[in-house]
Amino acid sequence: MASAGARDHLVTVEQRTTVDAPGYPVERWAVLGRYYMSRKDESAYNTAERFTGMQTSAAQVTTWQVPYLTTMDPEAVDVPATRRLVYQRRTYDIQAASLVERREIELVTLTGSAVA
């Protein structure tokens, strides 16, 4: 469990919403809130065709911890399907969410960017 002092990254949590457009639904992301979280980079690797077609890209696995939030409770919400994180203009796709002693939520994310 991360101490409150270790939560020094102000992270935006976004929620997937569906907007009815003429003929078909359109998915958009809306800000759900901004929260201080702790961050731990787990691993980084290069892979071909991971995110950007025929370009090589770098992927980063990061674990975040946030105090318990009802809007992020993995027992009540499908967090990986409906939430994502944005930190310093970079998007982190949530791969897994779990409760830690009912006081914190741990989020495992994956992000990538094209390598020049």
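The values are calculated or read from the model by the stated rules, or taken from the named source; none is laboratory data. Treat the numbers as computed from the prediction; the structure is a model and nothing was measured. Virtual Cβ from ideal backbone geometry, glycine too; neighbours counted across all protein chains shown.
Please specify each residue of region 82-94 satisfying the condition of being without any contact (Cβ under 8 Å) to a residue 24 or more places away in the chain and in a strand (DSSP E or B).
R90, T91, D93, I94, listed by residue number.
How about region 79-103: which of its residues are more than 15 Å from W29 (Cα to Cα) and not basic (K, R)?
Start the filter on region 79-103 by keeping residues that are more than 15 Å from W29 (Cα to Cα), which leaves 88, 95-103.
Of everything in region 79-103, those that are more than 15 Å from W29 (Cα to Cα) and not basic (K, R) turn out to be Q88, Q95, A96, A97, S98, L99, V100, E101.
Spot the failing condition for E106; the list is (1) farther than 22 Å from R28 by Cα; (2) part of a strand (DSSP E or B); (3) at pLDDT below 95; (4) not hydrophobic (A, V, I, L, M, F, W, C), and only one is missed.
All conditions pass for E106, except number (3).
How many residues does region 35-48 contain that are at pLDDT 85 or above and exposed (fewer than 11 other Cβ atoms within 10 Å of the Cβ)?
Residues flagged as at pLDDT 85 or above and exposed (fewer than 11 other Cβ atoms within 10 Å of the Cβ) within region 35-48 amount to 1.
Only one of (1) closer than 20 Å to L10 by Cβ; (2) touching a residue at least 12 places away in the same chain (Cβ under 8 Å); (3) surrounded by fewer than 12 Cβ atoms within 10 Å (Cβ to Cβ) fails for V79. Which number is that?
(3)
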